[in-house]
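Beneath this line is the structure, given in structure tokens, with notes to follow.
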Amino acid sequence: MKLAEIDIIVTAPPAPGWGGRYWIIPKVTTDTGVVGYGECYASSVGPVAMKAVIKDVFERHMAGENPENIELMFRRVYSAGFTQRPDLTVMGAWSGLEIACWDILGKDRDRPVHALIGGRMNDRVRAYTYLYPRPSHPLPAFWGSADMAAEVAVDMVEKGYTAVKFDPAGPYTIRGGHMPALDDIALSVAFCRTIREAVGDRADLLFGTHGQFSTGGAIRLGQAIAPYAPLWYEEPIPPDNVNEMAKVARAVGIPIATGERLTTKAEFAHVLRSGAATILQPALGRAGGIWEGKKIAAMAEVYNAQIAPHLYAGPVEWAANIQLAASIPNILMAETIETPFHSALIKDTIKVEGGYITVPTGPGLGIDFDEALARAHPYVGDGLHLQMQEDPISYHEANTFAGGAPVKT
């Protein structure tokens with residue numbers, strides 16, 4: 001069996017757009033007719049350019065190769081052009097293609113992916129969710145309302161979730177780390193206090209920041225929210241300075257989580273060695289794929305760290321995350337996004353029930369991907385998957401982060 005053909009689907013989730021402006025889905029076909037799907041979580045170039053990168057990576061390093069030879073193909077891609085260092089865009093392309101290879105291998109052997117990477121450790125995986133607004137909640141007012149966030153938190157707890165994430169500290173910007181405004185600290189404390197009062201000890205609080213603060217600012221904010229016992233403080237400073245993140249970890253007393261923007265074991269190893277985080281959040285469509293994710297999880301075991309796969313993408317990456325989570329002993333939880341489009345795109349083949357994701361037992365990724373539905377929603381915009389604010393934050397007016405949702409016009 002050899003890898004023969006590549007096709008790339010770029011689909012745009014309909015409003016409200018949770019999961020980003022578009023999802024990039026490589027479709028790989030073998031010479032024996034087996035089809036595998038993957039997902040690339042790479043957003044530093046637009047989808048037209050990204051499609052060209054994915055095609056180049058496939059044709060240059062993978063076409064004609066046995067899909068079993070994951071390690072060989074990874075080394076080709078990782079070393080290409082005299083690099084041998086993490087490259088966000090190229091590794092994003094490889095990640096989606098690698099996931100598709102595992103989908104092919106599982107389908108060819110009629111086994112789920114987790115059975116091919118060490119077997120099943122976990123029958124179900126604890127899920128967490130971001131606090132998205134109810135249809136009745138006004139926007140953008142929702143993003144600055146602790147009371148409305150607490151209402152959604154209660155809804156999610158009643159559905160069975162035992163962990164909820166929110167990030168009221170302001171928008172992410174292209175600038176370096178900044179000191180939070182006093183209003184942003186006050187709003188963050190209000191969110192933590194109000195949600196904690198609403199859910200009590202029925203759910204963990206997961207506090208996100210999108211890597212926007214200076215070291216001193218992150219410490220200041222972390223110490224302010226610490227009384228509400230968040231399970232984690234996510235990416236408190238930009239991800240390019242791991243040693244400074246370690247200073248935050250030592251100062252705030254809240255577990256630090258990071259990894260959404262990191263790729264390959266090389267970058268995650270630095271996080272572990274420095275003591276910057278005890279919770280790693282690889283996005284498998286960026287970090288290097290399922291096999292690289294397995295290596296990252298194994299390294300984390302040595303440091304007594306846990307894995308919480310990140311998801312701000314579509315359901316194919318989610319499926320890959322769950323296959324990895326099923327096979328490792330140090331899984332903490334996995335992010336979920338429940339929208340009708342997410343469910344329909346995989347024909348409801350993965351579900352969250354009682355706050356847990358049941359690990360699928362079907363072959364490959366265990367999903368039934370609706371290719372026709374994906375193609376019926378093509379992306380026609382010119383924005384990136386996520387875009388960062390250019391203006392600095394304000395110290396006079398409210399700094400609103402609209403939940404990562406693209407503006408619909």
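The values are calculated or read from the model by the stated rules, or taken from the named source; none is laboratory data. Everything numeric here is computed off the predicted structure, so don't read it as measured data. Note: ideal-geometry Cβ built from the backbone for every residue, glycine included; neighbour counts use all protein chains shown.
Have a look at Pro360, Pro392, Pro340 and point out the one that is of a type outside the set (Val, Ile, Thr), surrounded by fewer than 13 Cβ atoms within 10 Å (Cβ to Cβ) and closer than 21 Å to Trp318 by Cβ.
After applying the criteria, what remains is Pro340.
List pairs: first in the range 78-95 and within 9 Å of Thr263 (Cβ to Cβ), second β-branched (Val, Ile, Thr) and surrounded by 17 or more Cβ atoms within 10 Å (Cβ to Cβ), Cβ under 6 Å, 6+ apart or cross-chain?
Note: pairs meeting the criteria are Pro86/Thr263; Pro86/Thr264; Leu88/Thr263; Met91/Thr263.
Residues are listed down the side, and each one gets a yes or a no for (1) free of Cβ contacts under 8 Å to residues at least 60 places away in the same chain; (2) farther than 25 Å from Val154 by Cβ; (3) touching a Lys or Arg at 6+ places or on another chain (Cβ under 8 Å); (4) not in a strand (DSSP E or B):
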| position | (1), (2), (3), (4) |
| --- | --- |
| Asp184 | no, no, no, yes |
| Ala190 | yes, no, no, yes |
| Glu197 | yes, no, no, yes |
| Gly211 | yes, yes, yes, yes |
| Ala218 | yes, yes, no, yes |
| Pro227 | yes, no, no, yes |
| Pro230 | yes, no, no, yes |
| Pro239 | yes, yes, yes, yes |
| Val248 | yes, yes, no, yes |
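Can you name the number of the only condition in (1) in a loop (DSSP other than H, G, I, E, B); (2) without any contact (Cβ under 8 Å) to a residue 12 or more places away in the chain that Ser44 fails?
Ser44 satisfies all of (1) in a loop (DSSP other than H, G, I, E, B); (2) without any contact (Cβ under 8 Å) to a residue 12 or more places away in the chain except (2).
Just to verify a result, which residue in the range 127-157, among those that are touching a strand residue (DSSP E or B) at 6+ places or on another chain (Cβ under 6 Å) and closer than 30 Å to Ile328 by Cβ, is surrounded by the most Cβ atoms within 10 Å (Cβ to Cβ)?
This residue is Ala153.
Condition first: buried (at least 16 other Cβ atoms within 10 Å of the Cβ), among the charged types (D, E, K, R) and part of a loop (DSSP other than H, G, I, E, B). Now tell me which residues in the range 77-110 satisfy that.
Asp87
Across the range 349-405, what is the total count of residues that are over 30 Å from Met148 (Cα atoms), in the same structural domain as Ala186 (by TED's automatic domain parsing) and among the basic types (Lys, Arg)?
0
Is at least one residue of the range 369-391 of a type in the set (A, V, I, L, M, F, W, C), within 25 Å of Ala203 (Cα to Cα) and assigned to a loop (DSSP other than H, G, I, E, B)?
no
Applying the selection to the range 279-302, what residues are surrounded by fewer than 22 Cβ atoms within 10 Å (Cβ to Cβ) and over 17 Å from the mean Cα position of the chain (by Cα)?
Passing the criteria: Lys295, Ala298, Met299, Glu301, Val302.
What is the one condition in (1) small (Gly, Ala, Ser); (2) surrounded by 24 or more Cβ atoms within 10 Å (Cβ to Cβ); (3) under 22 Å from Gly208 (Cβ atoms) that Ala305 does not satisfy?
Failing condition for Ala305: (2).
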